[in-house]
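Beneath this line is the structure, given in structure tokens, with notes to follow.
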Amino acid sequence: GVTDRQKLKYYKQMVVIQNRVVASKDLKYPNEHKSQHLPVCLTFDDSFANLLSNVIPTITNFQIPITIFIPTGSIGRTPSWLQKSGHNDSQETVLSAEQIVALKGNLLVRFGSHTVDHPHLSMLGEEEVRGQLRTSMEVINKILDENIMELALPHGDYNEMVIQVAVEE
């Protein structure tokens, strides 16, 4: 769970970056950005349900747009990729389909894919990668009744094949 100390730290971070945050869809490359400060995109991988009480009130207060990346194989459940790991987040719950739909109405919130099973994609074959990306997008598109375009690679892991498949999908 999230402690009060962690919430305060997050709030203080939002105070510092609030004027630099842009929606991921509006991000410009640094050489196109005229400000002295580079823009910031605020993203949340894994889509844990504690975002509802810990993040949404703060972004609403500061009017900060965010993107939440959903690992669709764990929607409404504990994260399958963390089971048996002893990780601090292994008992968190991923947003349910109903919670995702409820957040759809929040103009500050966008969604993206974080694959189905949160694997190290560079360790998979091309068809497995294609399946992870395609299936995840299809599930999210069905829940939201819209086409999402964003992807966060689990573990930040990729190779040339993963990038090529992501571009194609």
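The values are calculated or read from the model by the stated rules, or taken from the named source; none is laboratory data. This structure is a prediction, so every number in the text was calculated from the model and none was measured. Positions of Cβ are backbone-derived with ideal geometry, glycine not excepted, and every protein chain shown enters the neighbour counts. Surface accessibility is based on the protein's heavy atoms, side chains included, excluding ligands, DNA and RNA. Shrake-Rupley method; radii C 1.70, N 1.55, O 1.52, S 1.80 Å.
Quick notes on this structure:
- The residues of the chain expose on average 59 square angstrom of accessible surface per residue, using a 1.4 Å probe on protein heavy atoms.
- Taking all Cα pairs closer than 8 Å and separated by 6 or more residues, the relative contact order of the stretch 69-169 comes to 32 percent.
- Short-range pairs are left out: with C-alpha atoms under 8 Å and at least six residues apart, the relative contact order of the chain is 20 percent.
- Accessible surface of the chain [probe 1.4 Å, protein heavy atoms]: carbon and sulfur percent: 51 percent
- Relative to the current alpha-carbon distance between residue 123 and residue 52, full extension at 0.36 nm per residue lengthens the span by 22.3 nm.
- Inter-label distance for residue 62 and residue 98, nm, one decimal - labels placed 7 Å from Cα along Cα-to-Cβ: 3.1 nm
- Anisotropy class assigned to the stretch 68-109 is prolate, per the alpha carbon gyration tensor with a/c at or over the 1.5 cut-off and a/b larger than b/c.
- In this label model, residue 77 and residue 16 are separated by 3.8 nm, measuring between points 7 Å along each Cα→Cβ vector.
- Theoretical gain in end-to-end length, residue 159 to residue 135 [0.36 nm per residue, Cα-Cα removed]: 6.6 nm
- Cα extents of the stretch 17-169 along the three principal axes, largest first (Å): 42, 35, 33
- Antiparallel bridges, percent of DSSP beta bridges restricted to the chain (to nearest 5): 10 percent
- For the pair residue 146 and residue 2 in one chain, pulling the backbone fully straight at 0.36 nm per residue adds 48.7 nm over the alpha carbon distance.
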